[in-house]
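Participant: Below are the structure tokens for one structure; questions will follow.
Each reported figure results from applying straightforward, stated rules to the coordinates on display, with no laboratory input. If you're wondering where the values come from, they're calculated on a predicted model, not measured in any experiment.
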Amino acid sequence: MALQINATHAEHPALLLELPWDVPLEEWPEDYLVPLPRGISRHVVRYARAGDEVIAVKELAERPALREYELLRDLDRLGIPSVDPLAVLTGRTDAKGAPLEPVLVTRHLGGSMPYRSMFETTMRPATMHRLMDALAVLLVRLHLAGFAWGDCSLSNTLFRRDAGAYAAYLVDAETGELHPRLSEGQREYDLDLARVNISGELLDLEASGALHPSVDAIEFGHEIRTRYHGLWEELTRTSVYPAGKYHYIERRIRRLNDLGFDVAEMQIEHSSNGDSVTFVPKVVDAGHHQRQLLRLTGLDTEENQARRLLNDLESWMATQDDYAPGDPLAARPEVLAHRWVRDVFRPTVRAVPVELRGSMDPAEIYHELLEHRWYLSERAQHDIGLDTAVQEYITNILPKVRESLEPTGPE
């Protein structure tokens with residue numbers, strides 16, 4: 001059987017053909033591989049270079065490979081944080097014609113880390129709580145989209161820094177199922193699997209001495225349930241407000257937006273006596289600030305990064321002479337936003353030496369600089385300009401940035 005490639009884009013097959021598909025993945029020469037940290041997987045997984053891209057290649061049987069490929073494409077269309085599927089290759093044979101397992105190819109998620117690499121030195125409990133927050137948000141987003149994961153765990157997730165917090169991405173969709181809507185039983189089943197898996201993974205870390213001594217592995221497993229239920233309740237509950245208090249509805253919508261979720265539709269019903277209003281929001285996928293920043297500036301960032309950059313953009317716009325909200329003759333927000341990218345964002349990021357950035361992307365660098373400016377301004381009790389903050393950050397903070405990006409030891 002000849003080698004067959006099912007790919008999402010026309011340019012990928014040509015790039016993929018340069019790789020040694022007639023060799024078992026476990027035996028690929030080092031010349032093709034990229035030395036990146038890998039999580040635990042039941043399959044053989046390798047990172048390789050295809051043209052200018054770094055890809056993840058996973059060997060598995062044909063049916064689950066094709067199924068996972070389609071599920072990842074579905075999640076991509078739904079806007080769910082997950083790895084980007086590129087291709088499935090079937091019909092592989094070795095030099096003697098013996099069949100080899102098919103492979104699923106995904107794009108490497110730049111700046112991401114598997115949880116075990118994050119625990120190479122003991123991670124503080126506060127950082128672990130942020131990981132649980134990120135995983136809870138991911139699981140809620142999957143469930144709102146009708147996706148039952150079937151194997152939620154730290155091992156099946158990648159984490160990226162997001163403006164001081166973390167963003168979680170689904171890596172393994174092999175056990176997933178997509179439905180129009182999930183029942184409470186399906187959601188609870190996913191949660192129970194997550195609890196068991198996370199506790200087991202943390203107990204494994206404890207046995208290796210990589211878990212902070214104050215962390216209870218079983219309690220942290222239960223924490224995913226607590227955080228999930230709190231977020232799910234806020235996103236799906238029905239609210240009853242006094243009639244005429246429509247700003248309460250606006251406040252609820254703003255709170256949902258602050259969590260990173262949008263309200264696509266709302267159901268509003270007046271009581272029979274007219275003294276109360278029932279409000280039921282229809283919450284859709286997260287990324288409210290991401291989409292707003294992307295629309296205004298073309299910058300594609302994480303959600304918390306987008307929120308912080310939008311705040312800075314709005315503050316900067318208010319200082320511009322041609323900014324006058326509501327004035328049809330004034331400069332449009334999109335025009336000002338692109339001017340901000342050109343005159344503020346890009347020059348600021350470029351001022352940071354490439355060799356000192358570590359794994360931070362431009363949005364994370366800019367966030368760090370804004371944080372440093374705020375810290376300096378608080379200490380000085382007056383506003384410190386961004387240029388001054390950048391120079392002080394480069395001189396006093398950046399030489400230690402690689403240490404600050406790694407998990408620290410026990411306090």
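Participant: Would you work out if segment 87-243 is rounded, prolate or oblate? Take a ≥ b ≥ c from the square roots of the eigenvalues of the alpha-carbon gyration tensor; rounded if a/c is under 1.5, else prolate when a/b is larger than b/c, oblate otherwise. Intermediate values should be presented prior to the final figure.
Facilitator: Values: a/c = 2.07, a/b = 1.29, b/c = 1.61.
Oblate is the answer for segment 87-243, as a/c is 1.5 or above yet b/c matches or exceeds a/b.
Participant: Taking square-rooted eigenvalues a ≥ b ≥ c of the alpha carbon gyration tensor, is segment 49-111 rounded, prolate or oblate, where a/c under 1.5 means rounded and, failing that, a/b exceeding b/c means prolate?
Facilitator: Numbers: a/c = 3.36, a/b = 1.55, b/c = 2.17.
Oblate, because a/c is 1.5 or more while a/b does not exceed b/c.
Participant: Still on this structure: Decide, for segment 158-203, between rounded, prolate and oblate: order the square roots of the alpha carbon gyration tensor eigenvalues as a ≥ b ≥ c, take rounded if a/c falls under 1.5, and otherwise choose prolate if a/b is larger than b/c, else oblate. Walk me through the intermediate numbers first.
Facilitator: On the way: a/c = 2.04, a/b = 1.38, b/c = 1.48.
Note, shape of segment 158-203 comes out oblate.
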